[in-house]
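The values are calculated or read from the model by the stated rules, or taken from the named source; none is laboratory data. All values reported here derive from a predicted model rather than from experimental measurement. Here the Cβ positions follow ideal geometry from the backbone for every residue, glycine too, while neighbour counts run over all protein chains shown. In case anyone asks, the SASA skips ligands and DNA or RNA and just uses the protein heavy atoms, side chains included. Shrake-Rupley method; radii C 1.70, N 1.55, O 1.52, S 1.80 Å.
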Amino acid sequence: MSSKNQFEWVIFYEELAEKLLTFKAKRDELIDKVKEIYNDTGIKLPTLERNNNLVDIDPFTFFGLFNKNITDSNRVKILQAVAKIFNISAQVPTAFAGIPILNAQNATYYLFIGDRESNDIDDLWELFASSLEYAKSPSEENKTAFSKYFDIAINKRGIANSKITMALFWIAPDVFLNLDQRNTWYIYESGKIPVSVVNTLPAPEYKISSAKYFEITEKIRTYLQSKDSMFKDFKELSAEAWRYFQEVDEQKRHTPPVIESIPDAEVTHYWLYSPGSSACIWNECYENGIMAIGWDDIGDLSQYPSKTAISEAMQAVFDPDRTYIMDSHATWQFVHDMKIGDVIFAKKGRNTIIGRGVVASDYKFDDSRKEYKNIRKVTWTHNGEWPAPAQTPMKTLTDITPYNDYVENIKALFEDDIDDAEDEAVINYEPYTAKDFLNQVFMTEDNYNTLVNLVRKKKNVILQGTPGVGKTFAAKRLAYSIMGVKDPNRVMMVQFHQSYSYEDFVMGFRPSESGFDLKRGAFYNFCKTAEIDSDNSYFFIIDEINRGNLSQIFGELFMLIENDKRGIKLKLMYSDESFSVPSNVYIIGTMNTADRSLAMLDYALRRRFSFFGIKPGFDSEGFQKYSADFNSQKFNNLINKIKELNSAITEDESLGEGFCIGHSYFCSLNSASYRELSDIVEYEIIPLLKEYWFDEPAKVKNWSENLRDVIK
């Protein structure tokens with residue numbers, strides 16, 4: 001196919017963009033035309049608003065209707081309808097080389113009603129109009145207007161470089177450079193762009209400023225127009241990035257992998273849920289996309305540090321003679337154990353299933369509600385009545401994951417239409433920004449930026465630090481902050497230990513009823529999942545990475561995890577299969593620098609990772625805000641004394657900085673009461689000091705008394 005035919009979509013898209021601009025002040029008419037498109041094609045209208053109540057739409061979401069992960073035949077059908085309805089004179093394209101596509105599960109440029117700001121869609125229209133004006137006439141005045149709305153749009157929730165720049169590329173591909181994952185990888189990591197060019201570019205970020213975007217665009221344009229480049233414009237670059245990405249990774253998009261042996265902590269859990277007595281709030285839950293439970297009178301359930309504390313609160317408020325064991329267990333699970341992505345089966349009575357949905361948010365106590373104030377957002381995919389496979393438990397909430405047969409029987413109720421429902425269901429995962437990370441992890445902004453750049457550049461990073469600096473806590477939130485959303489499906493955590501093996505990590509033979517079966521391990525399955533979703537980053541977290549026999553666990557993956565070896569295939573030990581680690585998989589390990597019982601890391605592994613030290617964050621802005629909220633002199637005195645203690649530990653030749661006491665010991669307080677502070681001192685800090693200075697009891701006694709004195 002000639003280059004001209006490859007890019008026949010450009011003329012059509014540019015004409016459509018101009019036609020679309022005329023609907024900036026006539027969005028009701030545009031919505032009618034969207035519905036007409038899907039009526040004409042016979043294709044089901046995708047979910048563009050909660051409960052399909054579409055009241056507004058932006059032009060980029062309109063372009064996303066046919067630039068997302070759908071078949072080319074459906075794409076052509078939609079474009080044929082668009083041509084007729086909008087009176088487009090350009091030929092309907094049938095080839096789409098170089099076009100970046102959206103994830104179908106995240107194909108709107110706005111959040112749904114209730115989550116978005118009132119001006120979000122208006123601002124997207126302004127960006128659309130200013131980008132077209134700049135494309136026609138790239139004057140400084142037009143550049144200033146475009147930059148203003150680019151910066152506004154890029155900083156909205158749910159929007160990042162990949163999404164906004166691909167939209168600009170759709171409407172003016174000769175002017176705007178697409179920075180989706182493939183193009184970013186091709187530019188920065190593939191080795192196809194000269195290092196002398198790459199080194200002059202700003203580092204890729206999740207949300208980039210208009211100034212940096214223009215800098216990258218102009219430097220890449222200059223390179224493409226030079227004699228050193230075999231491609232002359234952004235379209236050719238985008239097409240080659242797609243082609244070469246596929247060549248390197250040898251994608252097998254139409255053969256989804258079999259996912260087996262995923263550790264329980266990461267597996268999707270299945271829950272039975274009763275929406276009120278006799279399902280009395282089911283209609284409200286379904287219509288509002290939530291699930292809700294009661295116990296309002298004891299307040300925000302997340303304030304309680306244990307199930308026992310919840311039971312005690314229930315006894316104090318309701319009935320002191322009841323134990324509330326089952327109720328405290330269910331409410332604890334609702335807050336802490338349920339995860340985004342888990343599947344909910346709503347029930348009525350003990351014999352009827354009335355709905356199915358997917359958990360879409362963390363727990364929230366919504367005090368604005370009159371009742372049932374403890375809620376989570378849920379993307380409900382089904383509403384109706386189905387006979388339960390067996391009598392359901394009487395509890396409000398039950399984790400049925402361990403009961404494999406029961407889960408399979410209940411899933412079978414929805415087999416006929418579950419795929420279509422999930423294709424249309426949009427789970428708006430909660431955004432998670434660098435600011436959110438810094439508010440929770442207590443690290444300086446400079447250190448955070450350094451860490452993010454290390455992860456992007458090296459792909460393999462180990463977080464090391466003292467006890468209690470929150471390395472494991474930070475690892476998952478680092479992943480979320482780089483992804484921009486709290487999507488647990490793209491983050492997996494395992495913990496290494498002395499018995500952890502290659503068979504657990506990659507693959508190996510396991511006993512079965514018929515003898516021995518080849519089972520895939522956690523990392524193998526994770527890589528296969530990431531391989532078919534190459535537009536998104538995936539993070540594999542290895543807690544206590546230095547506790548395993550690393551040479552044995554990684555095997556031939558020593559080479560494959562290297563940044564410049566991603567996509568290279570090797571035959572695995574137990575099969576003839578050639579395997580590679582995808583370029584969108586990032587590995588984050590954690591290790592405790594104070595663990596003297598552990599051997600040094602294998603050098604072969606050490607040189608494949610960057611090492612980032614996490615220090616106690618008592619002086620970080622985030623911890624200072626956290627401390628100020630308590631308004632407690634006792635808390636402040638204790639923290640100051642801990643800082644003095646850390647100085648003494650650092651100066652001790654037998655210990656050193658790697659044994660300092662971290663801030664996370666103090667990060668789960670409900671209040672700065674004497675009891676809570678005393679428990680930390682007596683049962684966490686002092687036992688640690690006894691271990692550090694086991695041969696210096698006088699020093700332990702002195703510091704123990706000092707710590708006790710400051711909280712009296």
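Tabulated values for the structure
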quantity: The range 609-636: number of residues that are open to solvent by less than 50 Å² (accessible area, probe 1.4 Å) and either assigned to a helix (DSSP H, G or I) or under 22 Å from ASN449 (Cα atoms) (or both); calculated: 15
quantity: Matching option when the condition is at pLDDT 85 or above, more than 25 Å from LEU179 (Cβ to Cβ) and among the aliphatic types (A, V, I, L, M), among ILE101, ILE121, ILE113; calculated: ILE113
quantity: SER668 being part of a loop (DSSP other than H, G, I, E, B) and either among the small types (Gly, Ala, Ser) or more than 30 Å from ASN449 (Cβ to Cβ) (or both); calculated: yes
quantity: Residue within the range 186-196 that is under 18 Å from PHE245 (Cα atoms), part of a helix (DSSP H, G or I), aromatic (Phe, Trp, Tyr) and open to solvent by less than 70 Å² (accessible area, probe 1.4 Å) present; calculated: yes
quantity: Selected residue (only one of ALA211, ALA203 is within 28 Å of the chain's Cα centre (by Cα), in contact (Cβ under 8 Å) with a residue 24 or more places away in the chain and outside any loop (DSSP other than H, G, I, E, B)); calculated: ALA211
quantity: When residues of the range 559-573 are limited to those that are touching a residue at least 40 places away in the same chain (Cβ under 8 Å) and assigned to a helix (DSSP H, G or I), the one least open to solvent (accessible area, probe 1.4 Å); calculated: ASN563
quantity: One residue from GLU684, GLU676 being in a helix (DSSP H, G or I), charged (D, E, K, R), surrounded by 14 or more Cβ atoms within 10 Å (Cβ to Cβ) and modelled with pLDDT under 85; calculated: GLU676
quantity: Options THR396, THR401, THR379, THR466: the member that is buried (at least 20 other Cβ atoms within 10 Å of the Cβ) and either among the hydrophobic types (A, V, I, L, M, F, W, C) or at pLDDT below 85 (or both); calculated: THR466
quantity: Residue that is part of a loop (DSSP other than H, G, I, E, B), surrounded by fewer than 20 Cβ atoms within 10 Å (Cβ to Cβ) and in contact (Cβ under 8 Å) with a residue 12 or more places away in the chain, where the choices are ASP56, ASP40; calculated: ASP56
quantity: Members of the range 93-145 that are in a loop (DSSP other than H, G, I, E, B) and farther than 18 Å from LEU168 by Cα; calculated: PRO93, THR94, ALA95, LEU111, PHE112, ILE113, GLY114, ASP115, ARG116, GLU117, SER118, ASN119
quantity: Complete set of residues in the range 8-37 that are under 26 Å from ILE159 (Cβ atoms) and part of a loop (DSSP other than H, G, I, E, B); calculated: THR22, PHE23, LYS24, ALA25, LYS26
quantity: Residue satisfying all of: in the range 167-179; open to solvent by 10 Å² or more (accessible area, probe 1.4 Å) and in contact (Cβ under 8 Å) with a residue 40 or more places away in the chain; farthest from GLY484 (Cα to Cα) among these; calculated: ASP174
quantity: Residue in the range 335-376 that is nearest to the chain's Cα centre (by Cα), counting only those that are of a type in the set (A, V, I, L, M, F, W, C) and not in a strand (DSSP E or B); calculated: ILE340
quantity: Filtered residues of the range 692-712 (kept if assigned to a helix (DSSP H, G or I), surrounded by fewer than 12 Cβ atoms within 10 Å (Cβ to Cβ) and either touching a residue at least 40 places away in the same chain (Cβ under 8 Å) or among the acidic types (Asp, Glu) (or both)); calculated: GLU705, ASP709
quantity: Those residues of the range 312-334 which are under 33 Å from the mean Cα position of the chain (by Cα), of a type outside the set (Phe, Trp, Tyr) and open to solvent by less than 20 Å² (accessible area, probe 1.4 Å), in sequence order; calculated: SER328, ALA330, THR331, GLN333
quantity: Residue selected from the range 429-480 under the condition touching an Asp or Glu at 6+ places or on another chain (Cβ under 7 Å) and of a type outside the set (Val, Ile, Thr), by the criterion nearest to THR593 (Cα to Cα); calculated: LEU438
quantity: From LEU20, LEU102, residue being crowded, with 20+ Cβ neighbours inside 10 Å and touching a Gly at 6+ places or on another chain (Cβ under 7 Å); calculated: LEU102
quantity: Only one of ARG243, ARG182, ARG157 that is open to solvent by 40 Å² or more (accessible area, probe 1.4 Å), modelled with pLDDT under 90 and not in a loop (DSSP other than H, G, I, E, B); calculated: ARG243
quantity: Conditions (1) free of Cβ contacts under 8 Å to residues at least 40 places away in the same chain; (2) open to solvent by less than 20 Å² (accessible area, probe 1.4 Å); (3) within 30 Å of ASN51 (Cβ to Cβ): number failed by SER130; calculated: (3)
quantity: Options THR331, THR308, THR381, THR352; residue that is in contact with a Phe, Trp or Tyr (Cβ under 9 Å, 6 or more places away or on another chain) and closer than 24 Å to SER671 by Cβ; calculated: THR331
quantity: Matching option when the condition is open to solvent by less than 10 Å² (accessible area, probe 1.4 Å), out of contact with any Cys (no Cβ under 8 Å at 6 or more places or on another chain), under 24 Å from ASN106 (Cα atoms) and not in a strand (DSSP E or B), among ASN489, ASN525, ASN536; calculated: ASN525
quantity: Number of positions in the range 641-658 that are open to solvent by 20 Å² or more (accessible area, probe 1.4 Å), under 37 Å from the mean Cα position of the chain (by Cα) and at pLDDT below 85; calculated: 2
quantity: Residue within the range 214-228 that is open to solvent by 30 Å² or more (accessible area, probe 1.4 Å) and within 22 Å of PHE60 (Cβ to Cβ) present; calculated: no
quantity: Within the range 664-676, tally of residues that are out of contact with any helix residue (DSSP H, G or I) (no Cβ under 6 Å at 6 or more places or on another chain) and either in contact (Cβ under 8 Å) with a residue 40 or more places away in the chain or within 18 Å of ILE614 (Cβ to Cβ) (or both); calculated: 6
quantity: Answer from GLY384, GLY349, GLY357 - the residue that is closer than 14 Å to TYR270 by Cβ, small (Gly, Ala, Ser), open to solvent by less than 60 Å² (accessible area, probe 1.4 Å) and in contact (Cβ under 8 Å) with a residue 12 or more places away in the chain; calculated: GLY357
quantity: Subset of the range 69-92 (residues that are touching a residue at least 24 places away in the same chain (Cβ under 8 Å), open to solvent by less than 20 Å² (accessible area, probe 1.4 Å) and either charged (D, E, K, R) or part of a helix (DSSP H, G or I) (or both)); calculated: ILE78, LEU79, ALA81, VAL82, ALA83
